[in-house]
1. Just to check your reading of the model, which residue among B:Ala180, B:Ala214 is among the hydrophobic types (A, V, I, L, M, F, W, C), more than 20 Å from A:Val47 (Cα to Cα) and either touching a helix residue (DSSP H, G or I) at 6+ places or on another chain (Cβ under 8 Å) or modelled with pLDDT of 95 or more (or both)?
2. I need a count of the residues in segment A:60-84 that are on the phi < 0 side of the Ramachandran plot and either small (Gly, Ala, Ser) or touching a Gly at 6+ places or on another chain (Cβ under 8 Å) (or both).
3. Among the residues of segment A:140-150, are any within 14 Å of chain B (Cβ to nearest Cβ), surrounded by 17 or more Cβ atoms within 10 Å (Cβ to Cβ) and out of contact with any Phe, Trp or Tyr (no Cβ under 8 Å at 6 or more places or on another chain)?
4. When you look at B:Glu209, is it modelled with pLDDT of 95 or more, loosely packed, with under 13 Cβ neighbours inside 10 Å and among the acidic types (Asp, Glu), yes or no?
5. Could you check segment B:103-132 and list, in sequence order, the residues that are modelled with pLDDT of 95 or more, outside any strand (DSSP E or B) and among the polar types (S, T, N, Q)?
6. Provide a single number: the residues in segment B:151-171 that are facing chain A (nearest Cβ under 10 Å), touching a residue at least 40 places away in the same chain (Cβ under 8 Å) and among the aliphatic types (A, V, I, L, M).
7. Restricting attention to segment B:141-157, does a residue exist that is modelled with pLDDT of 95 or more, in the same structural domain as B:Ala110 (by TED's automatic domain parsing) and part of a helix (DSSP H, G or I)?
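The values are calculated or read from the model by the stated rules, or taken from the named source; none is laboratory data. On a predicted model such as this, the values are computed, not experimentally measured, just so you know. Don't worry about glycine lacking a Cβ; one is built from the backbone with ideal geometry, like all the others, and counts go over all protein chains shown.
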There are 2 protein chains.
Amino acid sequence: MFNFRNMSCKELMKVLGLGAVAFVLGVEWLNWLKRRLRDSRGPLKEVLFFPSPQVCVEHLFIRHKHFPCACPLPHGVETSFSRLLVHLLSARVSLDLCVFSFSHMELSRAILLLHKQGVVVRVVTDRDYMTITGSQIGALRKAGICVRHEMSSAVHMHHKFALVDSRKLITGSLNWTLTAVQSNKENVMVTEEPELVGPYQQEFQKLWEANDPANHKPQYTNGQLNIKTCKDK
Amino acid sequence: MFNFRNMSCKELMKVLGLGAVAFVLGVEWLNWLKRRLRDSRGPLKEVLFFPSPQVCVEHLFIRHKHFPCACPLPHGVETSFSRLLVHLLSARVSLDLCVFSFSHMELSRAILLLHKQGVVVRVVTDRDYMTITGSQIGALRKAGICVRHEMSSAVHMHHKFALVDSRKLITGSLNWTLTAVQSNKENVMVTEEPELVGPYQQEFQKLWEANDPANHKPQYTNGQLNIKTCKDK
């Protein structure tokens, strides 16, 4: 049995060093095991159905909060909406969002938080629906998030998908509205399958470039320019 | 070299028998090879983006037609819409369809053709959108196809997915309308991944049972019953 009291400083350092190496190797082995287990199941495949019951999602936004949230909603319950938020908030590098209608306050809060954390957020939305009452697009732009909209008024940008860190696809029938989340019958699929993520990433890039205001003639309404660039606040 | 003239009838029968066996084994081997190649790629994963250019799809409906179609549209071109039709028309046993808005004539034609061929078609649709101008729901019901709609008028049945033979899932943002197919920016994913197909099949069954008119009190408008059963023409 080790007796630390009888050990010299050198011997103690050796034991601590070996302990640190064993710890690092153990963590690495656990990560390897986790990856192997995950690979054996294949890439992430999750299906979420809506409507989703209203529950407290405060803990997803403020992770270091130790005191319990005082709101009257049920706490500690996992729902389709909380899963959707978890997937969105997992972004570390980029979020590419292509959504027809965006008025949901909590989803807007999640995007603003990601932007604040340094995640590069790009949004493509529908021309007509970006300005309806309750739309969160203005709030995103005001925060400095790059938003582009479908240039043609004859066409709807009807997609509803998001790409997290260019590797996780979130897609389905769900528009980012309160009615869609809390009332409608909707579906959302979350996958990391490269053969599915790739085409959506290409589609996003295509729409992003096609709707670059720099490539379109400025349009005026009542003498005022009505196409804003990403730098417009 | 074989000389069939010098062979007895018995020998000829033997050769023909061996030929038939070789042919059957060859076909079986090709099928096995096809399955192996397909398994090595994993289950079907296809992404279709819209709008889709207008092309002739007549050959998908009338396979035995030898003379070329005389319509003015481009022929022999594969598009997202023709791929969608191919997947739908591949149904041999059942088609479960859950769609918000359905007014596309060619898609209606495909469903009617499947019904005529004996495929069991079930449709769940939105209460408000089933009766709008151009809706094909009436035509489906008239042909004897079982249609149910979301019972609550406060909720939208906003899904847009189809299940072919309970093993192929077609899902995305695309409503079954001409505008969606020919104008809008839309996506459709086609997959046979059991982990994705399963949840959608369960969701369909849940909606099918929840919207069974037999479980709901009949509603009257101006003294007339306004909920029809599947048997109503």
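1. Numbers: B:Ala214 fails: either touching a helix residue (DSSP H, G or I) at 6+ places or on another chain (Cβ under 8 Å) or modelled with pLDDT of 95 or more (or both).
One residue alone meets the criteria, B:Ala180.
2. Applying the first criterion (on the phi < 0 side of the Ramachandran plot) to segment A:60-84 yields A:60-75, A:77-84.
When the remaining residues are screened for being either small (Gly, Ala, Ser) or touching a Gly at 6+ places or on another chain (Cβ under 8 Å) (or both), the result is A:70, A:80, A:82.
Number satisfying all stated conditions: 3.
3. Initial filter on segment A:140-150 (within 14 Å of chain B (Cβ to nearest Cβ)): A:148-150.
Right, trim to surrounded by 17 or more Cβ atoms within 10 Å (Cβ to Cβ) and you get A:148-150.
Within this subset, residues satisfying the condition of being out of contact with any Phe, Trp or Tyr (no Cβ under 8 Å at 6 or more places or on another chain) are A:149-150.
Yes - at least one qualifying residue is present in segment A:140-150.
4. Values: modelled with pLDDT of 95 or more: yes; loosely packed, with under 13 Cβ neighbours inside 10 Å: yes; among the acidic types (Asp, Glu): yes.
Taking the combined requirement at face value, the residue satisfies it.
5. Correct list: B:Ser103, B:Ser108, B:Gln117.
6. As a first pass, look at segment B:151-171 and keep what is facing chain A (nearest Cβ under 10 Å): B:152, B:154-161, B:169, B:171.
Still in the running and touching a residue at least 40 places away in the same chain (Cβ under 8 Å): B:156-161.
Then drop every residue that is not among the aliphatic types (A, V, I, L, M), which leaves B:157.
Of the residues in that region, 1 qualify.
7. Yes, there is a match, as at least one residue in segment B:141-157 is modelled with pLDDT of 95 or more, in the same structural domain as B:Ala110 (by TED's automatic domain parsing) and part of a helix (DSSP H, G or I).
The rows are residues; the columns are (1) farther than 23 Å from A:Leu48 by Cβ; (2) in the same structural domain as B:Gly118 (by TED's automatic domain parsing); (3) in contact with a strand residue (DSSP E or B) (Cβ under 7 Å, 6 or more places away or on another chain).
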| site | (1), (2), (3) |
| --- | --- |
| B:Arg167 | no, yes, no |
| B:Thr177 | yes, yes, no |
| B:Ser183 | yes, yes, no |
| B:Asn187 | no, yes, yes |
| B:Glu192 | no, yes, yes |
| B:Glu195 | no, yes, yes |
| B:Gly198 | no, yes, no |
| B:Glu203 | no, yes, yes |
| B:Lys206 | no, yes, no |
